[in-house]
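Colleague: Below is the structure I would like to discuss, written out as structure tokens.
The values are calculated or read from the model by the stated rules, or taken from the named source; none is laboratory data. Here the structure is a predicted model, which means the values were calculated and not measured. Cβ placement follows ideal geometry from the backbone for every residue including glycine, while neighbour counts extend to all protein chains displayed.
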Amino acid sequence: MGLLHRHQTLLILAAIVLVAALVASVSPLVMERIVIDTLIKLVMVVGLSVFIGNSGVISFGHTGFMVIGAYAGAWLSMPPNVKQIFLRELPDWLIALQLPAVPSLLGGAALAAAVALVVGLPLMRLSGIAASIGTLSFLLICNIVYSHWTAISNGTGSLVGLPLFVDIPMAAGAALAAIAVAWAFQESSIGLRLRASREDEAAARASGIDVALLRLAAFCLSAAIVAVGGALQAHFLGTLTVGQFFIAITFLTLAMLVVGGTGSLSGAVVGTFAVAAASELLRLVEGDHDIAGVAITLPPGVRDVGLAAIMLAILLLRPKGITGGREIVLVSRPPRRLAPVLDMTSRERTE
Amino acid sequence: MTAALQLIVDALSVGSLYALSALGIGLIFGIMRLINFAHGEFIMVGAYAAMLTAAIWAPFAVIVAIAVALAVALLTERLAFRRLRASPPATLLITSFAVSYLLQNLMVLIEGARPQTVDFLSALTRSMDVGGVRLPWINVVTIAVTAVLLALLALFLRRTRFGRMTRAAASDFRMARLLGVRADRVIAIAFALSGLLAAAVAVLLLAQTGTVSPVMGLQLALVGFVATVIGGMGSLSGAVLGGLTVGVVTVLLQSLLPAELRPFRDAFVYGLVIAVLLVRPGGLFRSAAAMQERV
């Protein structure tokens, strides 16, 4: 089994991102911005899939890491004179500090990973729904803290004047890096053992797998990736508010992951592009139309309703998502002997 | 003394709304293992229904709110959740998230995103004077309505055939089915009850605040979840006690926290939720053994 064969999915996914970036670079500005925005969402969704895909635990809390990454990125990247206006209460050394783009993003990722380590230490001991509710509580706490602790965030007011350093190469580079890191994690022994626990937690424990520890590793890594996504989003728009990262984006990123299929990295990539495309098509539909002489106005909100309807349709008709939890491959190999065993457990569960 | 009484009534009235929301979520969770994100939207559509008919006659508005919330609850069950009944809890959770988002944005399409105000039973916001304590009528009414609803529900669940079927299904769905309980019927009953409870919350909330908005259900649904979880998932009395507890803790924190920490009140509440999850994963009011996953 060649190295190329084993990692062909990684190459295919990278090619998809590169094609999107190339198309964007020869497109008009509007299209370019749509592609950049999609690539940023891709970073977030790939980050989500590192945790949700490998562990099987649904997390609503990752949007909290977007907030953390976005604000930490802003602390590092904004010019000192702007920070004097909006973030006067930051420590002096932080106000004086101004870092270039990549270190700022990595700073955001580092803080998010550190926070993930602290909150994950207790949270990862939980399983199933309790874990989901725990992560949801974390998101709510993040939202409340960043909305009211004006010293670090300018409260519910917005931060403006973030350096606009996110262009196509930056967004595509981040997406490629996220995919590569996620793939490496998935193929590592940690990733493999974590996915074993996803299929059958009791059996994994019985085989000596420390499920909580592995989940914690995935939680920290995914928090870091998602935080980069949050920081990219903030530096793409140039403004940052806490409300930007709450229920709506939680829904959007989870929808992307579920539509593509939570079980695989390919699912994250396919789902992001599919939902982004559907969302843009729905945006075109919104507004005034003249169909055969009849004026029809579709009010804003059609897009959100359409997105929710698409997600529901996928859940009802294809609960495992577009990819069905499989990775994209060009050259398939004979199914591993593990496959029928997994099929049996899933059949038993749906009974 | 009077301050304490005032605090108790406040805490109980907030806790009552939370308890009703938690019970609506807990009923369905017990049977289907579905944490219903869309419960907040059942409340929201009920409140809009009452708002739109409030001008006609208040009791009529209450009936319309109940009818609409019931219909929406039953419809979502029929169209979305029924087909996914056998899916793992994570899929159900995401589905209810999608249903919630769909209902919310449908309401944005129909009525717009902005909050709207209405004069609905506003006489209730006046206060009565009891031995020097000023108690808003609405708080007393909320507590009374909750008590009556809980008593009726308890009677229904304990004394009627349908009620016993529902409780049996909540404690062990598969066993109940083997003993001849019809899944479709029992789940429909649970959703109907859930819709009814949502309508009650909608009416009480509307009388209290006089405001509706498409996102108004979120806070109550969130509190409902955490209440269900800390109360002990699948236990109905646990859900009620969980809701009351969250309400009481919220009101206590509001009055006990130093002023500069008060904006962070809810962060403390959710922090406590995480603490409860860790210390007693089976819930405050339930033995840990009952939570063990059934294999």
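Colleague: B:Ile110 - would you say it is at the interface with chain A (Cβ under 10 Å from one of its Cβ atoms), out of contact with any helix residue (DSSP H, G or I) (no Cβ under 8 Å at 6 or more places or on another chain) and modelled with pLDDT under 90?
Modeller: yes
Colleague: Pairs, please: C-beta under 6 Å, at least 6 apart or cross-chain, first residue in a helix (DSSP H, G or I) and in the range A:225-245, second surrounded by fewer than 19 Cβ atoms within 10 Å (Cβ to Cβ) and not basic (Lys, Arg)?
Modeller: The qualifying pairs are A:His235/A:Phe165.
Colleague: Now a separate question. Filter the range A:297-328 for residues that are part of a loop (DSSP other than H, G, I, E, B), surrounded by fewer than 21 Cβ atoms within 10 Å (Cβ to Cβ) and among the small types (Gly, Ala, Ser) and give the result.
Modeller: Within the range A:297-328, A:Gly301, A:Gly324, A:Gly325 meet the criteria.
Colleague: Residue check: is A:Leu90 closer than 27 Å to A:Ala178 by Cα and either in a helix (DSSP H, G or I) or touching a residue at least 24 places away in the same chain (Cβ under 8 Å) (or both)?
Modeller: So A:Leu90 does not fit the description; no.
Colleague: Of everything in the range A:184-203, what is modelled with pLDDT under 95 and crowded, with 16+ Cβ neighbours inside 10 Å? Give them in sequence order.
Modeller: Result: A:Gln186, A:Ile190, A:Gly191, A:Arg193, A:Leu194, A:Arg195, A:Ala196, A:Ser197, A:Arg198, A:Glu201.
Colleague: List pairs: first residue in the range A:161-176 and touching a residue at least 60 places away in the same chain (Cβ under 8 Å), second residue of a type in the set (S, T, N, Q) and surrounded by fewer than 19 Cβ atoms within 10 Å (Cβ to Cβ) anywhere in the structure, Cβ distance under 6 angstrom, at least six positions apart or on different chains.
Modeller: What qualifies is A:Ile168/A:Ser25.
Colleague: Something else now. Does any residue of the range A:136-153 turn out to be among the polar types (S, T, N, Q), more than 14 Å from chain B (Cβ to nearest Cβ) and touching a helix residue (DSSP H, G or I) at 6+ places or on another chain (Cβ under 6 Å)?
Modeller: Taking every residue of the range A:136-153 in turn, none turns out to be among the polar types (S, T, N, Q), more than 14 Å from chain B (Cβ to nearest Cβ) and touching a helix residue (DSSP H, G or I) at 6+ places or on another chain (Cβ under 6 Å).
Colleague: Would you confirm, using the coordinates I've provided, whether B:Leu236 is more than 14 Å from chain A (Cβ to nearest Cβ), over 25 Å from A:Ser147 (Cβ atoms) and at pLDDT below 85?
Modeller: yes
Colleague: Moving on. State the number of residues belonging to the range B:45-54 that are within 12 Å of B:Thr117 (Cα to Cα) and in contact (Cβ under 8 Å) with a residue 60 or more places away in the chain.
Modeller: Of the residues in the range B:45-54, 5 are within 12 Å of B:Thr117 (Cα to Cα) and in contact (Cβ under 8 Å) with a residue 60 or more places away in the chain.
Colleague: For B:Ser87, work out the one condition from (1) facing another protein chain (nearest Cβ under 9 Å); (2) closer than 27 Å to B:Gly15 by Cα it doesn't fulfil.
Modeller: Just one mismatch for B:Ser87, condition (2).
Colleague: Within the group B:Val145, B:Val68, which residue is in contact with a helix residue (DSSP H, G or I) (Cβ under 7 Å, 6 or more places away or on another chain), among the aliphatic types (A, V, I, L, M) and surrounded by fewer than 20 Cβ atoms within 10 Å (Cβ to Cβ)?
Modeller: B:Val145
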